[in-house]
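The values are calculated or read from the model by the stated rules, or taken from the named source; none is laboratory data. Everything quoted here is computed from the prediction, not taken from an experiment. Because the Cβ atoms are built from the backbone with ideal geometry, glycine has one as well, and the counts that use them run over all protein chains shown.
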Amino acid sequence: MEVIHKIGRRKTAVARVYLSDGKGNITVNNRDLADYFPTATLQYKVQQPFALTENEKAFDVRINVYGGGITGQAEAVRLAISRALCELDEENRTALKPEGLLTRDPRMVERKKFGQKKARKKFQFSKR
């Protein structure tokens, strides 16, 4: 099997995933998964596509991720892995689609407007 390359995005985080045959090793920015994503919740998010398609120990994954925060990065990685698994075998789509793992979350931070404190919050109004 050749290496499958896919991209996932979430907020401002961008993840590039390289999926190849292996023993289940996941490397994020040349570090182990447990080192890069310290909490169990984030590790679960990254491994969720493999658990749903029952491929936990079938592939080695090399991930480059940058931008955003740690949660956005984990969700960007999850989307990229899901896309790679769908390209590998179209049957995986039936397991991943109902869980919402193939949907790009479009929510972004709203820009700050001039004359205001934040995107929606105004400066304090004084009548007198």
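Within region 15-33, can you find the residues that are over 16 Å from K45 (Cβ atoms), surrounded by 16 or more Cβ atoms within 10 Å (Cβ to Cβ) and either at pLDDT below 90 or β-branched (V, I, T) (or both)?
T27
Say whether the condition of being modelled with pLDDT of 90 or more, closer than 23 Å to R107 by Cβ and among the acidic types (D, E) is met by at least one residue in region 75-83. Give the derivation first.
Restricting attention to region 75-83, the residues satisfying the condition of being modelled with pLDDT of 90 or more are 75-83.
After this cut, where a residue has to be closer than 23 Å to R107 by Cβ as well, the list is 75-83.
Subset that is among the acidic types (D, E): 75.
Within region 75-83, one or more residues are modelled with pLDDT of 90 or more, closer than 23 Å to R107 by Cβ and among the acidic types (D, E).
Does at least one position in region 110-126 carry a residue that is assigned to a loop (DSSP other than H, G, I, E, B) and under 18 Å from R16 (Cβ atoms)?
Narrowing region 110-126 to residues assigned to a loop (DSSP other than H, G, I, E, B): 110-126.
Of the ones still in play, those that are also under 18 Å from R16 (Cβ atoms) are none.
Scanning region 110-126, I find no residue that is assigned to a loop (DSSP other than H, G, I, E, B) and under 18 Å from R16 (Cβ atoms), so the answer is no.
Could you please find all residues in region 55-69 being farther than 16 Å from Q43 by Cα, surrounded by fewer than 16 Cβ atoms within 10 Å (Cβ to Cβ) and touching a residue at least 40 places away in the same chain (Cβ under 8 Å)?
Correct list: Y66, G67.
Please tell me if A95 is in contact (Cβ under 8 Å) with a residue 40 or more places away in the chain, of a type outside the set (V, I, T) and either part of a loop (DSSP other than H, G, I, E, B) or surrounded by 13 or more Cβ atoms within 10 Å (Cβ to Cβ) (or both). It would help to see each step written out before you state the result.
Values: in contact (Cβ under 8 Å) with a residue 40 or more places away in the chain: yes; of a type outside the set (V, I, T): yes; either part of a loop (DSSP other than H, G, I, E, B) or surrounded by 13 or more Cβ atoms within 10 Å (Cβ to Cβ) (or both): yes.
Judged against the criteria, A95 is a match.
If G72 satisfies all but one of (1) small (G, A, S); (2) buried (at least 16 other Cβ atoms within 10 Å of the Cβ); (3) at positive phi, what's the number of the condition it fails?
Only one criterion is unmet by G72, namely (3).
Here are some conditions: (1) in contact with a Leu (Cβ under 6 Å, 6 or more places away or on another chain); (2) part of a loop (DSSP other than H, G, I, E, B). A84 meets all but one. Which one does it not meet?
(2)
Considering only region 34-49, state which residues are among the polar types (S, T, N, Q) and surrounded by 14 or more Cβ atoms within 10 Å (Cβ to Cβ).
Narrowing region 34-49 to residues among the polar types (S, T, N, Q): 39, 41, 43, 47-48.
Answer for region 34-49, where residues must be among the polar types (S, T, N, Q) and surrounded by 14 or more Cβ atoms within 10 Å (Cβ to Cβ): Q43, Q47, Q48.
If the Cβ limit is 9 Å and pairs must be 6+ apart or interchain, which residue in region 25-45 that is hydroxyl-bearing (S, T, Y) pairs with which residue that is part of a loop (DSSP other than H, G, I, E, B)?
Listed pairs, sorted by first residue: Y36/N29.
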